[in-house]
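Data first, discussion second: the structure below is written as structure tokens.
The values are calculated or read from the model by the stated rules, or taken from the named source; none is laboratory data. Computed from a predicted structure; not experimentally measured. Every residue, glycine among them, receives a Cβ derived from its backbone with ideal geometry; neighbour counts consider all protein chains shown. The protein model used for the area step is the full one, side chains on, heavy atoms only, and it has no ligands, DNA or RNA in it. Shrake-Rupley method; radii C 1.70, N 1.55, O 1.52, S 1.80 Å.
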Amino acid sequence: MQSSVFTAVLLPVALAIVMLGMGLSLVPEDFRRITRYPRAVAVGTVCQCLVLPLLGALIALVVPMEPVMAVGLVVVAVCPGGPSSNLMTYLARGDVALSVTLTALSSIITVVTIPLFTNLALQHFLGEGAAIALPIGTTMLQIVLITLLPTAIGMAIRHRFPGPARRLEKQMGRLAGGLLALIILMLFIREAPKLPGFLAQMGLAIALLNVLAMLAGFLAGRLFRLPVAQQVCIAIEVGIQNGTLAIAITAGLLNNPDMAVPAAVYSLLMYVFGFGAVLCGRRLIPSALRA
């Protein structure tokens with residue numbers, strides 16, 4: 001894959017629009033739930049910010065792949081959840097309020113953990129003498145600018161103008177979705193001859209990351225005896241990452257489009273596994289409620 005205006009300019013803009021849309025849906029109550037459901041929030045956050053990166057690193061070590069792809073896979077694993085996880089949780093009849101809380105909280109925490117874990121992956125898989133590096137301070141600032149700042153602006157608009165914010169949220173969602181679809185489509189059209197190779201090389205690793213992450217989140221929820229709706233929520237929140245941010249980091253901040261291949265493949269396959277999680281959630285939650 002080659003860097004272009006799509007990955008260098010349009011992708012960060014699209015991501016900022018997505019995060020602005022998420023901010024338009026957030027209210028202070030979403031953060032007060034941390035004290036209301038501390039156990040569920042703690043379980044979900046630990047799984048998202050610690051268990052998932054370790055799982056991604058383990059898969060990168062076990063499944064044969066090029067070192068640059070291994071780094072890209074770890075970057076996917078250290079990214080927070082996104083609006084897609086909130087939507088899938090809703091469709092799966094999971095705890096949407098918890099999902100929104102975990103997405104917002106992980107988006108804040110990963111401002112710190114993304115550059116730290118990514119640099120560890122760069123050093124391990126590419127060596128200390130690698131020509132590329134991720135400056136921690138600069139990276140944190142850039143992530144804040146394209147994720148947290150738009151989210152905060154969206155929340156401020158929602159607080160000041162709740163009615164227009166609800167209407168604007170839908171418009172921003174459509175705009176961001178269309179722009180992201182265009183970017184991913186352009187990436188895959190340009191790399192069409194290489195696509196079978198990308199899928200052959202990364203398909204197994206991405207499938208393992210999706211399935212094992214969801215299973216880990218679900219089992220952690222069961223271990224701590226959370227309600228089934230919260231178990232389903234954590235499974236989806238841990239299993240569905242912000243692939244757009246991963247592409248922005250690898251193809252944009254690191255200027256290494258080859259490293260963005262895992263994130264691009266993930267951005268497509270996650271909906272397949274997410275749909276499976278939705279079906280499982282819709283089967284689990286009604287039966288649990290009847291019991």
Practice task
Being at pLDDT 90 or above and farther than 20 Å from L54 by Cα is the filter; apply it to segment 200-226 and report the residue that is most open to solvent (accessible area, probe 1.4 Å).
Solution key: R225
Practice task
Report yes if M88 is over 16 Å from T244 (Cβ atoms) and of a type outside the set (D, E, K, R), otherwise no.
Solution key: no
Practice task
Test V46 against the stated conditions and say whether it is in a helix (DSSP H, G or I), of a type in the set (V, I, T) and either touching a Leu at 6+ places or on another chain (Cβ under 6 Å) or at pLDDT 70 or above (or both).
Solution key: yes
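Yes/no matrix, rows are residues, columns are (1) touching a Gly at 6+ places or on another chain (Cβ under 8 Å); (2) among the aromatic types (F, W, Y):
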position: Y37; (1), (2): no, yes
position: G44; (1), (2): yes, no
position: P53; (1), (2): no, no
position: P64; (1), (2): no, no
position: M69; (1), (2): no, no
position: C79; (1), (2): yes, no
Handout entry: Hits in segment 186-199 (condition: over 18 Å from V76 (Cα atoms) and at pLDDT 70 or above)
Key = I189, P193, K194, L195, P196, G197
